[in-house]
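Asker: Before anything else, here's the structure in question.
The values are calculated or read from the model by the stated rules, or taken from the named source; none is laboratory data. What you see is a predicted model, and the numbers here were worked out from it, not measured in a lab. Virtual Cβ from ideal backbone geometry, glycine too; neighbours counted across all protein chains shown.
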Amino acid sequence: MKYHLPILTYAALMLPTVSLATPEWLIAASGESVRVGGKLKLEIVRPDESTPWPASLPLKIISFKTTETVILYADKGAIGDGARHAYVADLPQQMQGLLRIELAGASSNRLLLSVADPGDPIEVTLADSQVASPYRLEPMPENEPALSVLEPVYFAAGLNGDYARFQLSFKYRLFESESTPVQWFQALGKLHFGYTQTSFWNMSASSMPFHDTSYRPSLFWQSKLDESTTGPSYVRSGYEHESNGKDGASSRSINIIYFQPVLRKDFAGGDSLFFAPRFYGYINQDGNSDIERYRGHIDWQVRYGDERGWLLSSRIRTGTAGYGSALLDFSVPLRKPLFSRTGGFLYFQLFSGYGESLLDYNLKSPAQLRVGLSIVR
């Protein structure tokens, strides 16, 4: 079966389209003749010069009956510094009829491929379906660098309390998709090491000591799921250790296993809502055997906003004994985003309830209001 993919130029793709937001990545047909089961060649246009060219990109192909994801590889393995580059993928034999293609794990325009019968040509056009905004929040994108963001990174000083609070966080994908271990067992390609450190700094005391610091290394698996079906858009599951590095009566430590689905709803104009409850069970609780009375077994997490504007996130905990806490973060950008979730932001934080620090897991503190700067939110 042979078909022709007419060239869609970059200029044509950038023409205004009614009710469609401009996509972040652009895909266009190369104009070459290919066969079903052969090579599909596309021209990819990256968002800007600061966006790195990946060695591969996942491409979602949707038919009436099924959805498949294939991998686009850089044509001839060479990627220059230009705004566009050619990528190729194997087109599955069974994907016939009216097909829709788009990048998986990144915002892009959508193309329609129509294959009716053997020998019939395929025409490629812009789909008239909703195209994701280039600034849609992607908390767990699949085609991100090996070293990337995990939780917010910020410094915030107290307006009505003694303690400033700052946090550092990152994650590292342990295996590349082309590595031998992933070829043996594909799930290893989504295995990550994570690390988050949260410190409470008493800046009002004469020696400005640190009141407490939590260290949270973790090992987890995460994946973006098929958003064309009902259910979570992402999922993360793994093991996490948390301790404050102290000894004696001040020592605190827990180990948990957790599962976190992420449900997503996009709205017109670029706003996105994420509901991401984290369910966890305790393996051990050294120095704080009753911590579940104050933390419980679920972190109710909600995130709403637009990377171009304000963003609100919250985490609510309810312990098994009825104690609990609420953490609210609100931020507005001070500069254009560098990439998803990262840039420069004016940061406001409100905490109320029990256990703001691991050391004080069973103590209730007055409501803490802080303001500062964030580079990841």
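Asker: Taking SER177, is it closer than 28 Å to PHE351 by Cβ, in the same structural domain as ILE283 (by TED's automatic domain parsing) and polar (S, T, N, Q)?
Answerer: Working: closer than 28 Å to PHE351 by Cβ: no; in the same structural domain as ILE283 (by TED's automatic domain parsing): yes; polar (S, T, N, Q): yes.
Taking the combined requirement at face value, the residue does not satisfy it.
Asker: Hey, could you check the range 256-266 for residues that are closer than 25 Å to LEU188 by Cα and surrounded by fewer than 16 Cβ atoms within 10 Å (Cβ to Cβ) and say which is farthest from the chain's Cα centre (by Cα)?
Answerer: Checking each candidate, the answer is ILE257.
Asker: Any residue in the range 211-225 that is closer than 17 Å to LEU359 by Cα, in a strand (DSSP E or B) and among the β-branched types (Val, Ile, Thr)?
Answerer: yes
Asker: Those residues that are part of a helix (DSSP H, G or I) and in contact with a helix residue (DSSP H, G or I) (Cβ under 8 Å, 6 or more places away or on another chain), I need them from the range 155-191; list them, please.
Answerer: At the first step, the residues of the range 155-191 found to be part of a helix (DSSP H, G or I) are 180-184, 186-190.
PRO181, VAL182, LEU188, GLY189, listed by residue number.
Asker: Does GLU240 qualify as being within 27 Å of the chain's Cα centre (by Cα), exposed (fewer than 14 other Cβ atoms within 10 Å of the Cβ), among the acidic types (Asp, Glu) and more than 26 Å from LEU369 (Cα to Cα)?
Answerer: It is false that GLU240 is within 27 Å of the chain's Cα centre (by Cα), exposed (fewer than 14 other Cβ atoms within 10 Å of the Cβ), among the acidic types (Asp, Glu) and more than 26 Å from LEU369 (Cα to Cα).
Asker: Select from the range 195-216 the residues that are within 21 Å of TYR361 (Cβ to Cβ) and small (Gly, Ala, Ser) and list them in ascending order.
Answerer: SER199, SER214
Asker: So, in the range 328-376, of the ones that are under 18 Å from the mean Cα position of the chain (by Cα) and outside any strand (DSSP E or B), which residue ends up nearest to GLN301 (Cα to Cα)?
Answerer: ARG341
Asker: What's the number of the condition GLY37 fails, among (1) of a type outside the set (S, T, N, Q); (2) at negative phi; (3) at pLDDT 50 or above?
Answerer: (2)
Asker: Could you give me the residue pairs with C-beta distances under 6 Å whose first residue belongs to the range 143-160 and is surrounded by fewer than 20 Cβ atoms within 10 Å (Cβ to Cβ), whose second residue is part of a loop (DSSP other than H, G, I, E, B) and among the basic types (Lys, Arg) wherever it lies, and which are 6+ apart or on separate chains?
Answerer: Close Cβ pairs (under 6 Å, with a partner that is part of a loop (DSSP other than H, G, I, E, B) and among the basic types (Lys, Arg)) amount to VAL149/ARG341.
Asker: Give SER218, SER250, SER233 a once-over and let me know the one that is over 19 Å from GLY105 (Cα atoms) and buried (at least 19 other Cβ atoms within 10 Å of the Cβ).
Answerer: Criteria check complete, one pass: SER218.
Asker: A further question on this structure: Residue by residue through the range 287-320, note down the ones that are farther than 24 Å from HIS241 by Cβ and over 17 Å from the mean Cα position of the chain (by Cα).
Answerer: Once the filter is applied, which keeps residues that are farther than 24 Å from HIS241 by Cβ and over 17 Å from the mean Cα position of the chain (by Cα), the range 287-320 yields GLY309, TRP310.
Asker: Kindly indicate whether any position in the range 303-324 is buried (at least 20 other Cβ atoms within 10 Å of the Cβ), touching a Phe, Trp or Tyr at 6+ places or on another chain (Cβ under 9 Å), more than 20 Å from GLY353 (Cα to Cα) and among the aliphatic types (A, V, I, L, M).
Answerer: Yes, the range 303-324 contains a residue that is buried (at least 20 other Cβ atoms within 10 Å of the Cβ), touching a Phe, Trp or Tyr at 6+ places or on another chain (Cβ under 9 Å), more than 20 Å from GLY353 (Cα to Cα) and among the aliphatic types (A, V, I, L, M).
Asker: Could you list all residues from the range 267-278 that are surrounded by 18 or more Cβ atoms within 10 Å (Cβ to Cβ) and either more than 19 Å from TRP221 (Cα to Cα) or in contact (Cβ under 8 Å) with a residue 60 or more places away in the chain (or both)?
Answerer: Within the range 267-278, GLY270, ASP271, SER272, PHE274, ALA276 qualify.
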